[in-house]
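The values are calculated or read from the model by the stated rules, or taken from the named source; none is laboratory data. Since the structure is predicted, the reported quantities are computational estimates derived from the model, not experimental observations. Note: ideal-geometry Cβ built from the backbone for every residue, glycine included; neighbour counts use all protein chains shown.
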Amino acid sequence: MTGSSRDAPQGHEVRAMALKTESRTTIARSIPEVWAYVCDLGRWPEWAPGVLECRVRGGASLQPGARVEQRAQGIFGSTRDRTQAVTAVDAPRSLAFAGPMGPSAARWGMELESIDDRQTEAKMWIEVEVGGLMRAVPGRILKGRIRRVSNRELAAIKAAVESAAREGAES
């Protein structure tokens, strides 16, 4: 991705900085249980910071080309609407999305791999083409912040799926 000529000295192009992060965790549940939770968009506010509501536009299924609409927390207590495109779904193994992350273009996804019939390795990856004001933040700091958020998200997914399984076993 290149910037406009007014962003750089004569004869030079400005390239957006690309950041890539991965976070992983082992969840003590099967792939179908983890998949069902991650694909339940109504439950995204439980694990995705800032997401207040989430749904697929028009009630469509979670499939490539679908649009995921979110109402998210903004600054100073405000809310804002944002939309992400579903770019890939390989049930029950992986799904991917593309949409804005602030002033930057981002892609993110989840990949699930079976360790055995009771454990799933979950990986969340995020790629950001850093643009706008985000370019003022040093790359290592921005990458660390993104990774901390994805680590928290995976920890929340793990806790929710594992606790639901415990509650079901106690019933």
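Consider segment 107-122 and keep the residues that are touching a helix residue (DSSP H, G or I) at 6+ places or on another chain (Cβ under 9 Å) and small (Gly, Ala, Ser). The one that is farthest from LEU41 (Cα to Cα) is SER114.
Please go through segment 16-71 and pick out each residue that is among the charged types (D, E, K, R), more than 26 Å from GLY144 (Cα to Cα) and not in a strand (DSSP E or B). Those that are among the charged types (D, E, K, R), more than 26 Å from GLY144 (Cα to Cα) and not in a strand (DSSP E or B): ARG29, GLU33, ASP40, ARG57.
Tell me, yes or no, whether segment 110-132 has at least one residue that is closer than 19 Å to GLN70 by Cα and not in a strand (DSSP E or B). Taking every residue of segment 110-132 in turn, none turns out to be closer than 19 Å to GLN70 by Cα and not in a strand (DSSP E or B).
Would it be correct to say that GLU113 is of a type in the set (Asp, Glu), at pLDDT 95 or above, surrounded by 16 or more Cβ atoms within 10 Å (Cβ to Cβ) and more than 14 Å from the chain's Cα centre (by Cα)? No; evaluated as a whole, the condition is false for this residue. In segment 83-100, the residues that are crowded, with 16+ Cβ neighbours inside 10 Å reach residues that are of a type in the set (Phe, Trp, Tyr) and not in a strand (DSSP E or B) with C-beta atoms within less than 7 angstrom, at least six apart or across chains, in these pairs: PRO92/TRP35.
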